[in-house]
Every structure is written in C-alpha cells, then in structure tokens.
Amino acid sequence: MTTPAPGPPGGGIDADSAPFWAALRLERLELQRCAACARLRFPPMGRCPWCTSDRHDREDVDARGEVYSWIVVHRAFRPQFTADVPYVVATVDLDAGPRVAVRLDRADGIDFGMRVRPLFHHHPDWTELRMVPDA
C-alpha cells in the first residue's frame, strides 16, 4: 500500500511545514516557537495563532506525551487506507505543551492519560509521526 503524502489531496508540503517534515525524516520532532510570545505551536504555520507574530524559531522537543482522546477508524476515508482499517487516531498532549493528532500503533488497552512515545514510520518519500504505548 502506498500511503499518500501529507498535505491536501494530491500531496504538497508547504514552506511553513517543510522543516517539520525534514526533521521527522531524521526522527526528530521540531516545532515552531513564537519569537514574540514564546509559545510552542503545532501545526507549523506562518503566524502565531495567539499573538499573530510572523517571527518564530524552530526547536526540537521530546515527542512523549499522554493520550487526550482517540477514535477507531473503521472505514477508510481514502482508498489507500483500506488495508489499514481498523486503526486508531489519537490526540496526544505532548509533554512539551502542544496537542497533536497522530496515528497510534499497538493500541491494545488504550486509555485516557496513557503515556505514549514516538514511532517514526518511514514511507518512501516522507516520514510519519506515530505513537506507541510507553511501557
């Protein structure tokens, strides 16, 4: 199965998110930190959603966190995912602060507040951040 590239249908990594995807390829999680209000943000974007500054730095953060919520996907929303169903998509509160939506591998016994750690899933042309239980 070929998993589609990130971005809108048809793929496309924009200038704001390119450093994020490049860091994932190196198995690092790099987020933007606003140079004006110092808040970490996800997803990558051109302006801070809190203070609207267009200035930011990039910072490596620990990708560990806790499950906030999750859903089990039983119906593929794109044909490329048909072989993967069912799978779990979780929202995870990173220890660094931001909340991210990721696929959760090995999700037996999933529960609210469950500790998770990163799993970098490499596709031919890009790398996906997934999470697994931090046992």
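A short reminder: the numbers here are calculations on the coordinates, not readings from a lab. Computed from a predicted model, the values in this text were never measured in an experiment. Neighbour counts run over all protein chains shown; Cβ positions are idealised from the backbone, glycine included.
Under a model in which nothing but the beta-carbon of Lys, Arg (+1) and Asp, Glu (-1) is charged, the stretch 14-61 shows a dipole of about 140 debye around its Cα centre. Report the trypsin sites (Lys or Arg not before Pro) located in the stretch 70-135 that are in a DSSP loop and have at most 16 other Cβ atoms inside 10 Å of their Cβ, or state none. Loop-located and lightly packed - Arg75, Arg106. Within the stretch 62-135, all pairs of alpha-carbon atoms sorted by distance into 5 Å bins from zero give the percentages 3, 17, 27, 24, 17, 9, 2.
The antiparallel fraction among DSSP beta bridges confined to the stretch 62-135 stands at about 90%. Maximal additional length on extending the Ser69-Ala38 stretch stands at 8.5 nm, based on 0.36 nm per residue less the C-alpha distance.
Sparse packing (at most 10 other Cβ atoms within 10 Å of the Cβ) combined with a DSSP loop state is found for the following chymotrypsin sites (Phe, Trp or Tyr not before Pro) in the stretch 54-89: Phe77.
Residues considered: Pro79, Pro19, Pro118. Largest GNM mean-square fluctuation over the chain, using C-alpha springs under 10 Å, is found at Pro79. Which FRET efficiency value, to the nearest 0.05, is calculated for Arg47 and Phe81 with the Förster distance at 30 angstrom and r the Cβ-Cβ distance? Between Arg47 and Phe81 the formula returns 0.40. Simple rule: put +1 on each Lys or Arg Cβ and -1 on each Asp or Glu Cβ in the chain, find the dipole, and look at Ala90, Thr127, Met45; the Cα lying farthest toward the positive end is Met45. For the stretch 15-62, applying the loop criterion from DSSP together with a ceiling of 13 other beta carbons within 10 Å to the chymotrypsin sites (Phe, Trp or Tyr not before Pro) yields Trp50. Only the Cβ atoms of Lys and Arg (+1) and of Asp and Glu (-1) were treated as charged; on that basis the dipole of the chain about its Cα centre amounts to roughly 220 debye. Of the residues Asp93, Asp57, Asp108, which exhibits the maximal mean-square fluctuation in a Gaussian network model of the chain defined by a 10 Å Cα contact cut-off? Fluctuation is largest for Asp108. Modelled this way, with points 7 Å down the Cα-to-C-beta line, the labels at Ile110 and Ala18 are 3.4 nm from one another. Secondary structure note: in the chain, about 95% of the DSSP beta bridges are antiparallel. Over the C-alpha atoms of the chain, the Rg to Rh ratio, Rh being the Kirkwood estimate, stands at 0.97. Taken about its Cα centre, the stretch 62-135 carries a charge dipole of about 200 debye when Lys and Arg each add +1 at the Cβ and Asp and Glu each add -1 at the Cβ.
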